[in-house]
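Report on the structure given below.
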Amino acid sequence: MKGEALARLVDLVDAGTIRVLDLVFVRRELDGSTVMVEVADLDGDGELDLAVFEGASSGLIGDDDVDAAAAVIDPGSSAGILVYENTWAAPLVSAVRRAGGVLVAGGRIPVEDVLATLDDLEAAETSV
């Protein structure tokens with residue numbers, strides 16, 4: 001595992017943009033077995049790499065989630081499972097609720113879909 005993405009995660013937490021509710025790492029061994037990796041010691045050298053996330057366990061990630069993640073990664077690979085709260089959204093959600101609004105749906109759009117749509121729109125604009 002490389003530290004760049006984890007450093008960005010720490011930046012988001014430090015900036016107050018997100019709050020980490022659960023963070024679990026799983027490694028799929030070469031024989032296909034699954035091993036949970038301690039959050040604080042990702043590289044197994046005995047030193048605390050991510051002590052800031054130690055204890056980040058709300059219980060929202062269950063064994064089924066870990067098994068599902070392990071099933072889609074190649075043997076010899078690792079994966080992180082992250083549950084986070086968008087703390088930037090709380091003031092907006094509160095204001096909407098005070099105004100009588102109700103959330104009727106939620107979801108995420110994969111970044112690849114967003115980029116493809118933006119590319120399509122840009123191509124359509126330039127062809128006009």
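The values are calculated or read from the model by the stated rules, or taken from the named source; none is laboratory data. Note that the coordinates shown come from a computational prediction; the quantities given were computed from them, not determined experimentally. Note that we place each Cβ from the backbone using ideal geometry, even for glycine, and neighbour counts take in every protein chain shown.
If we scan the stretch 82-92, do we find a residue that is exposed (fewer than 12 other Cβ atoms within 10 Å of the Cβ), polar (S, T, N, Q) and modelled with pLDDT of 85 or more? No, the stretch 82-92 contains no residue that is exposed (fewer than 12 other Cβ atoms within 10 Å of the Cβ), polar (S, T, N, Q) and modelled with pLDDT of 85 or more.
Please count how many residues of the stretch 13-35 are of a type in the set (A, V, I, L, M) and in contact (Cβ under 8 Å) with a residue 60 or more places away in the chain.
Qualifying residue count for the region: 4.
Restricting attention to the stretch 103-128, the residues that are within 28 Å of ALA15 (Cα to Cα) and among the β-branched types (Val, Ile, Thr) add up to 3. Among residues that are at pLDDT below 90 and in contact with an Asp or Glu (Cβ under 8 Å, 6 or more places away or on another chain), LEU48 is included.
Would you mind stating whether GLU122 is at pLDDT 90 or above and among the acidic types (Asp, Glu)? Criteria met by GLU122.
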